[in-house]
Amino acid sequence: MALALYAVGSELVQGLTPLARSASVADGAADLAGVAVGLVLWAWGARRAR
């Protein structure tokens with residue numbers, strides 16, 4: 001849950017900075033997909049290690 005909040009939060013912060021960056025819903029979705037894939041792989045690896 002914390003990783004998902006961090007991913008969404010980073011997109012919101014990008015939209016607020018004065019740098020030439022913008023928030024993107026697609027980029028936020030990609031961040032969340034990466035978090036999900038990472039958690040699935042971590043769980044799979046933990047089960048294999050048993």
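What follows draws every value from the coordinates through simple rules; no lab data is involved. Every value quoted in this text rests on a predicted model; they were computed, and no experiment measured them.
Take every Cα pair under 8 Å whose residues are at least 6 apart in sequence, average their separation, divide by the length of the chain, and the relative contact order is 33 percent. Estimated purely from DSSP H runs of n ≥ 4, each contributing -39500 (n - 2.57), the mean residue ellipticity at 222 nm for the chain is -26500 deg cm²/dmol once divided by its residues.
With N set to the residue count of the chain, report its C-alpha Rg divided by 2.2 N^0.38 Å to two decimal places.
On the way: Rg = 14.2 Å, N = 50, 2.2 N^0.38 = 9.7 Å.
Scaled against compact globular proteins, the figure is 1.46.
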